[in-house]
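Only the coordinates and a few stated rules stand behind these numbers; no lab work does. Bear in mind that the values here come from a model prediction, so they are computed numbers and not experimental data. Cβ: placed from backbone, ideal geometry, glycine included. Neighbour counts: every protein chain shown.
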Amino acid sequence: MTFKRVAAASVAALMVASPVMADLVFPSLSYRTGPFAAGGIPYADGFADYMTLLNERDGGIGGVAVSTPECETAYNTEKGVECYEATKGEGALAYNPLSTGITYQLIPKATADDIPLYTPGYGRTSAANGNVFSHVFNFPANYWNGASAAINHVLDLNGGDLKGKKIVLLHFNGAYGKEPIPTLTKLGEKHGYDLTTIPIDYPGQEQKAQWLQIRREKPDYVLFWGWGVMNQVAIQEAANIRYPMDQFIGVWWSGAEHDVKPAGEKATGYKAMTFHGVGSDYPVFGDLQKYVVDAGKAAGDGSNVGTVIYNRGVYAAMMLAEAAKNAQEIHGVKDITSAQMRDGLEQLEITNARMAELGMEGFGPEFKVSCANHGGPGAIAIQQWDGAAGKWSLITDFSGSDMDVIQPLIDADSAAYAAENKIDPQCN
Amino acid sequence: MPEQLLFAMEVTLNGLMAGVLYALVALGFVLIFKASGIFNFAQGMLVVFAAMTLVGVQTGQIPFAHLINTIFGTKIHHFGWTVPTILAIIVAGAAMVFVAWIIEKYILQHLIGQPDIILFMATIGMWYFMHGFAPLMWGSEVMKLDVGLAQGINETIDTTTYNWFGYGFFIDNLDIVAAIVAALLVTALVLFSQYTKQGRALRAVADDHSAALSVGISLRFIWVLVWSIAGFVALVAGIMWGSKSGVQISLAEVALKALPVLMLGGFTSIPGAIIGGLIIGVGEQLFEFAIGPLVGGATQAWFAYVLALVFLIFRPQGLFGEKIIERV
């Protein structure tokens with residue numbers, strides 16, 4: 001009897017001495033079904049696999065396990081909001097909604113709930129202004145950075161002179177596709193090129209009229225903001241009219257393997273912007289293979305490791321994990337709250353040395369987030385498709401965008417949002 | 001010749017070609033509606049399933065591999081062989097016959113005598129079922145479809161028109177193939193319905209179910225037959241559309257393009273589907289060419305429906321549809 005009492009007291013003492021650690025929860029609002037599943041699956045896999053790697057290799061973040069409960073949105077805004085409501089009670093630290101439409105709906109909700117949103121390379125561009133959007137982070141790059149990076153690349157190819165050049169923006173006829181128009185218009189005034197915008201309605205399976213127009217107008221460059229089947233059809237049609245592929249440049253959502261493969265080798269030369277590395281030639285992928293895929297713990301079947309969209313999921317997960325680690329250090333606690341996670345995001349610094357420690361040296365640019373700047377450096381590289389080898393290669397380094405043009409646009413748009421929603425500046 | 005006129009001619013030709021592709025999808029709707037009075041909402045998913053099955057068989061993909069791997073912890077994906085295109089098309093065609101049999105046995109048979117709206121609702125259910133089932137069976141990745149069809153600009157037309165007008169017209173080789181295939185398909189369907197016993201039975205059922213039953217025609221057999229033919233037409237449409245974009249679940253959206261074609265051509269006429277497709281194809285391309293730039297472009301998505309709406313006002317049964325007379 002005495003022994004039992006001692007044992008029970010010991011267990012109780014242990015329970016009191018060591019606080020119970022809940023998981024660090026990062027809900028994954030994924031879309032593995034529906035018309036955009038081909039892009040949604042590798043992203044969700046990359047996101048989940050990186051967090052699994054941290055659990056298996058490092059014992060989580062700061063010794064606390066990470067969980068990524070998935071909720072299927074099918075890329076549908078209403079379902080995405082339902083997913084947010086259904087999972088926020090599980091102790092969600094941050095959301096990566098993976099849809100511009102869902103992001104727009106969640107910005108006021110998440111801000112009110114004190115939960116940060118992380119929207120790398122999508123969502124509301126002007127959320128880069130942390131002074132207004134206290135709970136939204138879209139580093140390291142946004143669509144306006146993308147538009148500027150594309151023009152910078154074209155400037156490089158033309159010795160810095162675009163006067164009289166014709167540039168076409170072929171874009172999805174919705175909010176996402178129209179995002180770069182103001183930036184490209186302003187840059188056109190600055191550099192003297194002639195901009196023509198050609199919209200494509202969803203889903204974009206029939207683009208004959210658009211490509212006949214491009215064939216007639218013979219633009220020097222075609223920039224492309226598409227998603228889903230629109231991408232595959234556009235690249236095929238460009239090949240059909242024999243448009244020079246190395247003058248056809250897509251945004252990062254139009255530059256995955258599944259976008260170019262249906263066109264076969266004719267897609268060779270097609271370019272796309274990217275804000276992270278391509279391929280699996282980074283040490284972190286060796287660890288992912290060893291600790292996650294080979295161990296049978298991968299979210300998918302392992303076939304997507306190293307593909308463009310998988311890598312984007314890995315990169316997003318890495319950023320959130322680093323921010324969580326940062327939050328633990330700032331607040332001196334392991335079991336952080338979503339408010340503390342927001343602080344971790346806002347004071348995040350990614351250095352080349354840290355990227356090397358993570359096995360991701362050169363995978364992305366170094367940068368520092370601040371209260372006013374939630375958008376990061378806007379550093380973007382250009383990748384190019386080699387159809388014969390079946391792979392993308394980076395053909396430029398990561399370089400910044402024209403903030404002289406972009407910053408006033410961000411300031412104007414965020415100021416309008418602040419006035420409409422009566423938001424006081426959060427940074428002093 | 002004025003440059004704008006040349007461009008308009010090129011746009012018109014391409015519109016005709018696009019119209020053929022729309023008509024290929026619309027044909028599947030017409031066949032089923034004509035024989036059974038059912039508006040088959042799931043026709044777009046039949047296109048997806050047929051094309052996925054074709055690529056899956058052709059590339060030696062193991063059906064339900066993801067499910068098998070998840071349950072048993074295996075890592076199987078392919079059989080390790082590829083199947084010749086013709087054989088793969090035959091297998092995919094056989095699969096569509098099997099699907100037709102399943103639909104008749106487990107859905108339609110239980111709904112005989114029910115109002116049309118119930119049958120329509122059943123096809124909506126089929127759409128949702130297949131929307132999940134097809135990716136479960138073959139995966140959600142974009143599948144590259146290569147059955148050896150030529151794609152890209154037709155050099156002969158380009159050169160000839162350049163010599164004539166000083167401007168080479170763009171016509172896609174794939175569109176030319178689609179036009180030939182559609183012509184052959186319509187001819188075969190007309191010959192089948194006019195000169196074969198099953199074809200005459202099909203027409204009898206289309207005219208009057210009860211009368212057909214009373215002379216010994218098996219309604220069940222005819223339904224399996226007509227859904228099989230619609231499945232085969234879906235396979236052809238899937239090959240043409242899938243060659244352009246790769247095979248993926250969003251191919252089902254091509255059905256949206258068939259609706260205005262049906263409204264215009266009539267739900268019960270095979271030639272109507274073709275003519276309707278051509279009118280819609282040419283109309284939307286010319287409208288986009290002439291008016292599109294003035295209104296911000298991307299007019300194709302709505303123009304077809306507006307055109308169909310205008311036709312509906314003056315001719316509700318469509319150009320070639322049978323006039324509906326209901327006596328009270």
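The figures follow:
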read-out	value
Relative contact order [Cα under 8 Å, 6+ residues apart], chain A, whole percent	21 percent
Those lysines that a straight Cα-Cα span of less than 29 Å connects to A:Lys297, excepting residues fewer than 8 apart in one chain	A:Lys79, A:Lys88, A:Lys261, A:Lys325, A:Lys334, A:Lys391, B:Lys75, B:Lys144
Formal net charge of residues neighbouring B:Ile153 (Cβ-Cβ distance under 12 Å; K, R +1; D, E -1)	-3
Least to most buried among B:Lys75, B:Lys197 (fewest other Cβ within 10 Å first)	B:Lys197, B:Lys75
Phi-based couplings in Hz for the stretch A:343-358 (Karplus 6.51, -1.76, 1.60; Gly and Pro marked x)	4, x, 5, 6, 10, 6, 10, 9, 10, 4, 5, 5, 4, 5, 4, 7
Fewest-first ranking of B:Lys105, A:Lys208, A:Lys163, using other Cβ atoms within 10 Å as the exposure measure	A:Lys163, B:Lys105, A:Lys208
For the stretch B:117-247: rounded, prolate or oblate by the Cα gyration tensor [a/c cutoff 1.5]	oblate
MRE, 222 nm, helices only [DSSP H, n ≥ 4, -39500 (n - 2.57), over chain B, to nearest 500]	-23500 deg cm²/dmol
Lysines with Cα under 16 Å of A:Lys190, excluding same-chain neighbours fewer than 8 positions away	A:Lys163, A:Lys165, A:Lys166
Debye-sum result for the stretch A:184-275 in log10 I(q)/I(0), which assumes one identical scatterer on each alpha carbon, at q = 0.12 Å⁻¹	-0.35
Chain lengthening between B:Val147 and B:Phe79 when straightened (0.36 nm per residue, less Cα-Cα)	22.5 nm
Equivalent ellipsoid, chain B (semi-axes from 5 times Cα gyration tensor eigenvalues, Å)	33, 29, 18
Value of relative contact order over the stretch B:171-328, rounded to a whole percent, pairs C-alpha under 8 Å and six or more apart	18 percent
Full-extension gain in nm, A:Cys427 to A:Ala356, via 0.36 nm per residue minus C-alpha separation	22.4 nm
Helix-only mean residue ellipticity at 222 nm for chain A, each DSSP H run of n ≥ 4 adding -39500 (n - 2.57), per residue, nearest 500	-13000 deg cm²/dmol
Normalised contact order of chain B, rounded percent, pairs of Cα under 8 Å and 6 or more residues apart	33 percent
Sites matching chymotrypsin sites (Phe, Trp or Tyr not before Pro) across the stretch B:66-96 that sit in DSSP coil, with at most 15 neighbouring C-beta atoms within 10 Å	B:Phe79, B:Trp81
Amide proton proximity set for A:Asn96, modelled H, under 5 Å, gap of 5+	A:Leu29, A:Tyr118
Extent along principal axes [Cα atoms of the stretch B:169-212; Å; largest to smallest]	53, 17, 11
Residues with amide H under 5 Å from that of B:Leu319, placed H, sequence gap 5 or more	B:Gly265, B:Gly266
